[in-house]
1. Sort all Cα-Cα distances of region 47-150 into consecutive 5 angstrom bins from zero, then give the percent of pairs in each bin up to the one containing the longest distance.
2. What is the spin-label model distance, in nm, from Ala302 to Glu55 if the labels are put 7 Å beyond Cα along the C-beta direction?
3. Using 7 Å Cα-to-Cβ label points, what is the Leu30/Arg110 separation (nm, one decimal)?
4. Rounded to the nearest 5, what is the percent of antiparallel bridges among the DSSP beta bridges in the chain?
5. Report in % the part of the accessible area of region 169-251 that belongs to carbon and sulfur, leaving out ligands and nucleic acids; probe 1.4 Å.
6. Which translational diffusion coefficient, to the nearest whole µm²/s, is obtained for the chain from the Stokes-Einstein equation, given a Kirkwood hydrodynamic radius over C-alpha pairs, 10 °C and 1.306 mPa s?
7. Out of region 316-395, which chymotrypsin sites (Phe, Trp or Tyr not before Pro) are coil in DSSP terms and have no more than 13 other C-beta atoms within 10 Å?
8. Just for the Cα atoms in region 308-409, what are the lengths along the principal axes, largest first, rounded to whole Å?
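The values are calculated or read from the model by the stated rules, or taken from the named source; none is laboratory data. Keep in mind that this is a model prediction, so the values were computed, not measured. Note that we place each Cβ from the backbone using ideal geometry, even for glycine, and neighbour counts take in every protein chain shown. For accessibility, only protein heavy atoms count, side chains too; no ligands or nucleic acids. Shrake-Rupley method; radii C 1.70, N 1.55, O 1.52, S 1.80 Å.
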Amino acid sequence: MLAACLRSLAFLAIAIGLASPAAAQKFEGLAQTPPMGWNSWNKFDCDIDEQLVRETADALVSTGLRDAGFVYVNLDDCWHGERDADGFIQPDPERFPSGMKALGDYIHARGLKFGIYSDAGEYTCQKRPGSQGYEYQDALQYARWGVDYLKYDWCYTGEGDAQRNPIEAYTTMRDAIHAAGRPMVFSICEWGENDPWTWGQDVGHLWRTTGDIINCWDCTVDHGTWKSYGIMQILDLQDGKRQAAGPGHWNDPDMLEFGNLATLAENRAHFAMWAMLASPLILGTDIRELDEAELAVLKNRALLDVALDPKGIQGYPIRKGDGLEVWVRPLEGGDFALAFLNRGNQPLSENYAWPEDGLKDDFSGFEVDFGSDAFNIRDVWSGADAGDTSAPLSVSVGARDVAIYRLSR
């Protein structure tokens, strides 16, 4: 009886929300820069439990990653148990015997934030209970547990004409979070299938732009009904979406495979290009096993300053094709970041001549005339002075790697 009453109240809340759009909204003031943290899925799939999560939280602190800004500890699929007699979702009692409130308290006590996962369908992607029809109860439960971040997936939402309307589905959960009263970053994960960059800004704080990432540099894996994409494929699929990104509303090219790729060069190029994209930086590796070279990349303050630039302008390519790709990201105060991406398997070098017609970005209003504007150049990786724009820039980039610079007047 109680469960039926709660669901009736939920439906009433939905009806009120639809009749009065101003009644609910996403929590503002969150994710003013791209969220940073860790998620369990890319490395561990369903093999998660509270010990892993606690050890990961401890590792984020001991490695210095928390102090660098990686603060979200996010559980992905497979944490779920069953619903209780009143319809409230419970954690798997074998994997999480202490319960989610205790786990959230452990995470918060270390100066970190607690994230969780659900799905807009009847089931999650791994056939655990989804939130469809239970949105308000689930949001209330998450609030009780102290959740700060919700990733909301799109499996088992129907097919064809019977598929759930994504705007309705994600708006319903947005309104449920608002009704629960606890601010949570809301991550829309419908894989970019319904152009969320055109409607997501008022609903969530970030939205996936593609299908799932996989830990390869340049490949597509066909699973029959869906595909996974390598780093270069995901990068190319960001074309045409940058106008949607900004403080509080980010394009999400999926969680990082940093630490899971074959070489340090691939890992750091992946991380640097996600920084150029103003992407959320959610690590998907085993934090406990990162080595000092990998940690140095993740904690590179100059690169993080690019990634977290307060203007929130997404970078874009000004040269693609054979040789080095050249990407630009306008930054606060008239600075800009310049990245040279080598997709190939051989080192590449060039003396980069500054464009005679300068740089111009109509979207952000960024404009540079190299004939009249002089910029100092700093190598982001080393911190070394690399001259200025009065002469061509000598660039050498290893295979599957990136050189990145910050230019300032």
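1. Histogram of Cα-Cα distances, whole percents per bin: 2, 13, 24, 25, 18, 10, 6, 2, 0.
2. Here the answer is 3.6 nm between the modelled labels.
3. In this crude spin-label approximation the distance works out to 2.2 nm.
4. The antiparallel fraction comes to roughly 60 percent.
5. After summing per-atom areas, the C and S share lands at 44 percent.
6. The diffusion coefficient I find is 72 µm²/s.
7. When the chymotrypsin sites (Phe, Trp or Tyr not before Pro) of region 316-395 are filtered for loop state and at most 13 Cβ neighbours within 10 Å, Phe363 remain.
8. Computed over the Cα atoms, the extents are 36, 27, 26 Å.
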